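Here the structure is laid out as structure tokens; the discussion comes afterwards.
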Amino acid sequence: MNGSGTAPAVPRPAYRRLSVEQRRSQLLAAALGLFAQRAPEDVSLDDVATAAEVSRPLVYRYFPGGKQQLYEAVLRSAADELEQCFAEPESGPLTQRLGHALDRYLAFVDQHAAGFSALLQGGSVVETSRTSAIVDEVRRAAAEQILHHLGEPAPGTRLRTTVRMWITAVEAASLIWLDEGRQHALDELRGWLVDHFVALLTATAARDAQTARVIRAALKGEAPDGPAGELARRILPVVSEAAHLL
């Protein structure tokens, strides 16, 4: 109480003026945080305004197309981040580079579980041809990055198909991992996916000379104590049982 018997006024937090780009980034970050935890249809513009500590009209000022425009902008931002997951320096064994990319990708999946599931499983009320195109762009970018690391400047149909099949498998494994309550550690999931990539390339190499050349070159750069060496030691006892088929 002050001398007049009234409670002193509580000072309001100072209003922080942001540039247009800063304000837009703030709104996108708030929306991304919400979409990461809830399906798009369960997030309203009021929710975004509250999370960003701004008014609803301000959200509309930056996204006059409403929730659909905001969702597509958030998706574009998330897609840019996902594409960067597969950008890796061209040094070290292939499995090591792939493991680093998967660590970043799976960390994103873990942090944006609900939004990731809604995005890939489809069926959202805010899903459109534009949102689907953004998702496909991420898949294509990931495939191009992996093909680049395989060192084949002109990949044929079988090699390209193998890489794209593996990316589909990574998405499916990520969704199953989330659906089953993250029962395995992320590093265990990453290791299994790296093994799957090597095995898939090896299976394709049995039918495609280009893929055979690629996998031979990649395996030459692997260390005995690395992922490829460990996979070979685990597989040999299994395939030795098939000697009668030769």
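The values are calculated or read from the model by the stated rules, or taken from the named source; none is laboratory data. Just so we're clear, the structure is a prediction, and the values are computed from it rather than from any experiment. As a convention, Cβ positions derive from the backbone with ideal geometry for all residues, glycine included, and neighbour counts pool all protein chains shown. Each accessible area value is taken on the protein alone, full model and side chains, heavy atoms only, with ligands, DNA and RNA left out. Shrake-Rupley method; radii C 1.70, N 1.55, O 1.52, S 1.80 Å.
Loop-located GluC sites (Glu not before Pro) across the stretch 155-242 with a Cβ neighbour count of 10 or fewer within 10 Å are Glu180, with loop assigned by DSSP. When N counts the residues of the stretch 93-246, how does its alpha-carbon radius of gyration compare numerically with 2.2 N^0.38 Å, as a ratio? It is 1.14.
Residues with beta-carbon under 14 Å from that of Tyr105, excluding Tyr105: net charge, scoring Lys, Arg +1 and Asp, Glu -1?
-4
Taking every DSSP helix (H) stretch of at least 4 residues in the chain, weighting each as -39,500 (n - 2.57) and dividing the sum by the residue count yields a mean residue ellipticity at 222 nm of -22500 deg cm²/dmol. Packing order of peptides 135-143, 70-78, 153-161, highest average first: 70-78, 135-143, 153-161 (average count of other Cβ atoms within 10 Å over each peptide's residues). Heavy-atom surface analysis with a 1.4 Å probe gives the chain a carbon and sulfur content of 55 percent of its accessible area. Each label point was placed 7 Å from the Cα along the Cα-to-Cβ direction; for Asp225 and Arg182 their separation is 3.1 nm. Full extension of the chain segment joining Gln68 with Ala212 gains 47.2 nm, where the gain is 0.36 nm per residue of separation less the Cα-Cα distance.
With the Cα gyration tensor of the stretch 169-229 giving a ≥ b ≥ c as the square roots of its eigenvalues, does the rule (a/c under 1.5 for rounded; else a/b larger than b/c for prolate; else oblate) give rounded, prolate or oblate?
Working: a/c = 4.49, a/b = 1.79, b/c = 2.51.
Judged from the Cα gyration tensor, the stretch 169-229 comes out oblate (a/c at least 1.5, b/c at or above a/b).
Over the chain, accessible surface divided per residue gives 58 Å², non-protein components excluded, 1.4 Å probe. The stretch 127-172 and the stretch 21-62 have their alpha-carbon centroids 31 Å apart.
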